[in-house]
Amino acid sequence: MPDHDLPGRSRPVGFGNRFLLYLELVRMEFVNNLAYRSSYFTGIFNYTIQIGAYFFLWDAIYSGRRAIGGLNKEEMITYVIVAWVARSFYFSNLDRRVAVEIRDGKIALELIRPYSYQMVKYARASGEAFFRILFFAVPAGTAIYFIRPFGLPPDWQAGLLFLLAVTGGFVINSQISMIAGFCAFFTQSTSGIFRAKRVIMDLFSGLLLPISFYPGWARDIIKLFPFQTVSYMPNLIYLGKITGGAVLHVILLQLFWVAFLGLVSVLFWRFAVKHVVIQGG
Amino acid sequence: MSKQSGFRQDAANHIIIFFHYMAQYIKTKMAYRADFFIYVFSDLLQQSVNLVFILVIFTKVPAIKGWTRDQILFIYGFFLIPFGLYSGFLNHLFDVPEKYVLEGELDRVLLRPLNAWFQVVVETMNPELLIGTLTGIVIMVYSGNAMGLVPTWWDFPLTLVLVFGATMIYAGVYTFLASLGFWTEGNMGLMPMVYNLSNYGRYPMTIYRGPVRFILTWVLPFAFAGFYPAAILMHRYEYIGYALLTPVIGILSFVFAYRFWVAGIRRYRGTGS
């Protein structure tokens, strides 16, 4: 896209122009990432090793057993692989990037620009996500399929709805990351918060083990949070365990959380900007 | 001065300087006290992930390939002890290829009359992560108790020897990988991979297939940093041969890796800036 299509400084920025701007950012981030594609190559090995650890573990857990938590062995192995491959798509460093910009004081410059800071970040995260699908998730999934074939969705509708739900998971995960990143307004070192966030996501999104494995009281608590819409529910759609109207329920639930988290992050942002102390430098 | 006392003097110097670094470290951390405690707490939380995983799984199954909940917990507990030592002191060998070689930080290190490896370790240590070691001890004691394990007198010195050996394995593997940075000039992304592989050591080797078990025993010997020593400490003597090899493998891997490190230092020419 040529430069003159970008909104000028003096012109008021209309909705259409703004949309084009964000689209351009998506494209830019995608191209930026192309320069680093080799670093994603090692990422594929990395994920394979991670998945391998859980493969052996689940293989042993299921030895001599039919079904646990509503899933049989093959379904469980598919679950683990799909969960990790999907993560390779929806994962982003949004939290770290936001935190670095806040800590370095770059955020001050962002505040005077005629666009929404959050939207710019989401646009960039989307560009990276597109890149990750093509250069990470798809090759990783294919490579793993050759090492250990896993189940495919029962029909193409389930596959399509899975992609839709994972996209919702990506948005929700990005929003959670954004909110975690904003914590940098209030604390100097955010690594502790990010680690805590990762623990919560690993356990309660269903990445490490299906939510159906938890005891009833824990499931009741997990239900109150958006985490399980990121991994657990999309994975069950993939497996054909959530079908028909229940899928609609998942999508609506995701929409609810997107709206809720969007509101939280906007309010958090406004509050933080009012109380911001830019690091001197 | 004889050579003997020269060595003694040198060792004493290193120990004194270690405590100086430690004092500085505590001062910097105490400047941002709240952040420090959040960080330590999040580390505990991180160890709890695997703990939760094990506990939840065992609400659904009585055993994994014949290993009970308490046995699996015991192995994880032992695994955490050398792992905590590694996290506290050796984790940032990760930084060597980028920070020390590529960016040339090593120039400064080499100008000082102190062992370079030692300096890198004390400059980048995070001793608060030793808390993992403490968690490990608690888990071991709890699960050992739960399975009715009665420790013999030699279990205590044996634990020390095994922990030492296991820590040397981490030191060896990561020193080796860090030293590769002298040749490749930059990070190759190998370290995260090996790090993920090291997590395989916290489960019984019997759950892995032949080739994986072979790699974990003889190539990247993380089985000696978790399962084998833990097995002998819970008196599963069928693994005694492997378990007793732990310190040998540990010392061998570190000596080999350290030689490699020294060769790398000789090769290092600085960044020229």
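The values are calculated or read from the model by the stated rules, or taken from the named source; none is laboratory data. Computed from a prediction, not measured in an experiment: that's the story for all the values here. Glycine gets a Cβ as well: all are built from the backbone with ideal geometry, and neighbour counts include every protein chain shown.
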Within the range A:263-279, identify whether any single residue is in a helix (DSSP H, G or I), within 17 Å of the chain's Cα centre (by Cα) and farther than 30 Å from A:Leu109 by Cβ, and answer yes or no.
no
Tally time: how many residues in the range B:50-59 are facing another protein chain (nearest Cβ under 7 Å) and either surrounded by 15 or more Cβ atoms within 10 Å (Cβ to Cβ) or among the acidic types (Asp, Glu) (or both)?
4
Consider the range A:194-219. How many of its residues are crowded, with 21+ Cβ neighbours inside 10 Å and touching a strand residue (DSSP E or B) at 6+ places or on another chain (Cβ under 9 Å)?
1
Test: residue in the range A:202-219 that is more than 19 Å from A:Val258 (Cα to Cα) and more than 14 Å from chain B (Cβ to nearest Cβ):
no
Return yes when B:Gln47 is within 10 Å of chain A (Cβ to nearest Cβ), closer than 23 Å to B:Phe164 by Cα and either buried (at least 17 other Cβ atoms within 10 Å of the Cβ) or at pLDDT 90 or above (or both) and no when it is not.
yes
Lone unmet requirement of (1) of a type in the set (Lys, Arg); (2) in contact (Cβ under 8 Å) with a residue 12 or more places away in the chain; (3) out of contact with any Leu (no Cβ under 9 Å at 6 or more places or on another chain) for B:Arg69
(3)
Of all residues in the range B:1-38, which are of a type in the set (Lys, Arg) and more than 11 Å from chain A (Cβ to nearest Cβ)?
B:Lys3, B:Arg8, B:Lys27
Can you name every residue in the range A:167-201 that is within 28 Å of A:Ile61 (Cα to Cα) and out of contact with any Phe, Trp or Tyr (no Cβ under 9 Å at 6 or more places or on another chain)?
A:Lys197, A:Arg198, A:Val199
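Which residues, counting only those in the range A:210-229, are closer than 14 Å to A:Arg87 by Cα and in contact (Cβ under 8 Å) with a residue 60 or more places away in the chain? Spell out how you get there, then give the answer.
Initially, the range A:210-229 is screened for residues closer than 14 Å to A:Arg87 by Cα, giving A:227-229.
Across the range A:210-229, the qualifying residue is only A:Thr229.
Anything in the range B:91-144 that is part of a loop (DSSP other than H, G, I, E, B) and closer than 30 Å to B:Pro229 by Cβ? List them, or say none. First the steps, then the outcome.
Taking the range B:91-144 as the starting set, the residues that turn out to be part of a loop (DSSP other than H, G, I, E, B) are B:103-105, B:112-115, B:125-126.
Once the filter is applied, which keeps residues that are part of a loop (DSSP other than H, G, I, E, B) and closer than 30 Å to B:Pro229 by Cβ, the range B:91-144 yields B:Asn115, B:Met125, B:Asn126.
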From the list B:Leu197, B:Leu190, B:Leu160, which one is without any contact (Cβ under 8 Å) to a residue 60 or more places away in the chain, within 15 Å of B:Ala230 (Cβ to Cβ) and either buried (at least 21 other Cβ atoms within 10 Å of the Cβ) or not acidic (Asp, Glu) (or both)?
B:Leu160
Give just the number: which of (1) farther than 24 Å from A:Phe186 by Cβ; (2) among the hydroxyl-bearing types (Ser, Thr, Tyr); (3) more than 22 Å from the chain's Cα centre (by Cα); (4) at the interface with another protein chain (Cβ under 10 Å from one of its Cβ atoms) does B:Thr68 not satisfy?
(4)
For B:Phe41, are the conditions met, namely being loosely packed, with under 14 Cβ neighbours inside 10 Å, within 9 Å of chain A (Cβ to nearest Cβ), part of a helix (DSSP H, G or I) and on the phi < 0 side of the Ramachandran plot?
no
The residue from B:Tyr170, B:Tyr242 that alone is touching a Pro at 6+ places or on another chain (Cβ under 7 Å), in a helix (DSSP H, G or I) and aromatic (Phe, Trp, Tyr) is B:Tyr170
Would you point out the residue of the range B:245-271, among those that are assigned to a loop (DSSP other than H, G, I, E, B) and either of a type in the set (Asp, Glu) or in contact with a Gly (Cβ under 8 Å, 6 or more places away or on another chain) (or both), that is farthest from B:Val173 (Cα to Cα)?
B:Thr271
Report yes if some residue within the range B:210-221 is touching a residue at least 40 places away in the same chain (Cβ under 8 Å), more than 23 Å from B:Gln119 (Cα to Cα) and crowded, with 19+ Cβ neighbours inside 10 Å; otherwise report no.
yes
Take B:Gly165 and tell me if it is modelled with pLDDT under 95, under 24 Å from B:Val194 (Cβ atoms), among the small types (Gly, Ala, Ser) and assigned to a helix (DSSP H, G or I).
no
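Residues are listed down the side, and each one gets a yes or a no for (1) over 23 Å from A:Phe56 (Cβ atoms); (2) away from chain A (no Cβ under 13 Å):
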{"position": "B:Gly148", "(1), (2)": "yes, yes"}
{"position": "B:Phe156", "(1), (2)": "yes, yes"}
{"position": "B:Leu162", "(1), (2)": "yes, yes"}
{"position": "B:Leu197", "(1), (2)": "no, no"}
{"position": "B:Ile232", "(1), (2)": "no, yes"}
Quick test of your reading of the structure: A:Arg132 fulfils all but one of (1) more than 30 Å from A:Met178 (Cα to Cα); (2) touching a residue at least 24 places away in the same chain (Cβ under 8 Å). Name the failing condition by number.
(1)
Being modelled with pLDDT under 95 and surrounded by 13 or more Cβ atoms within 10 Å (Cβ to Cβ) is true for just one of A:Ile242, A:Ile237. Which residue is that?
A:Ile242
Somewhere in the range B:89-100, is a residue buried (at least 18 other Cβ atoms within 10 Å of the Cβ), in contact (Cβ under 8 Å) with a residue 24 or more places away in the chain, over 29 Å from B:Ala12 (Cα atoms) and of a type in the set (A, V, I, L, M, F, W, C)?
no
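Kindly provide the set of residues from the range B:95-125 that are among the charged types (D, E, K, R) and under 12 Å from B:Tyr268 (Cβ atoms), ordered by number. Break it down into steps so the answer makes sense when it comes.
Kept after step one, since they are among the charged types (D, E, K, R), are these residues of the range B:95-125: B:95, B:98-99, B:103, B:105, B:107-108, B:112, B:123.
If the condition is that a residue be among the charged types (D, E, K, R) and under 12 Å from B:Tyr268 (Cβ atoms), then B:Glu105, B:Asp107 are the ones that fit.
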Test for A:Val85: is it in a helix (DSSP H, G or I) and more than 17 Å from A:Ser174 (Cβ to Cβ)
yes
Among the residues of the range A:60-80, which ones are within 7 Å of another protein chain (Cβ to nearest Cβ) and in a helix (DSSP H, G or I)?
A:Ala60, A:Ile61
So A:Ser191 passes all but one of these: (1) at the interface with another protein chain (Cβ under 10 Å from one of its Cβ atoms); (2) crowded, with 17+ Cβ neighbours inside 10 Å. Which condition number does it fail?
(2)
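Pick out the one residue from A:Tyr47, A:Tyr54, A:Tyr22 that is part of a helix (DSSP H, G or I), away from every other protein chain (no Cβ under 14 Å) and either touching a residue at least 12 places away in the same chain (Cβ under 8 Å) or among the aliphatic types (A, V, I, L, M) (or both). Break it down stepwise before answering.
Values: A:Tyr47 fails: away from every other protein chain (no Cβ under 14 Å); A:Tyr54 fails: away from every other protein chain (no Cβ under 14 Å).
Being part of a helix (DSSP H, G or I), away from every other protein chain (no Cβ under 14 Å) and either touching a residue at least 12 places away in the same chain (Cβ under 8 Å) or among the aliphatic types (A, V, I, L, M) (or both) holds for just one of A:Tyr47, A:Tyr54, A:Tyr22, which is A:Tyr22.
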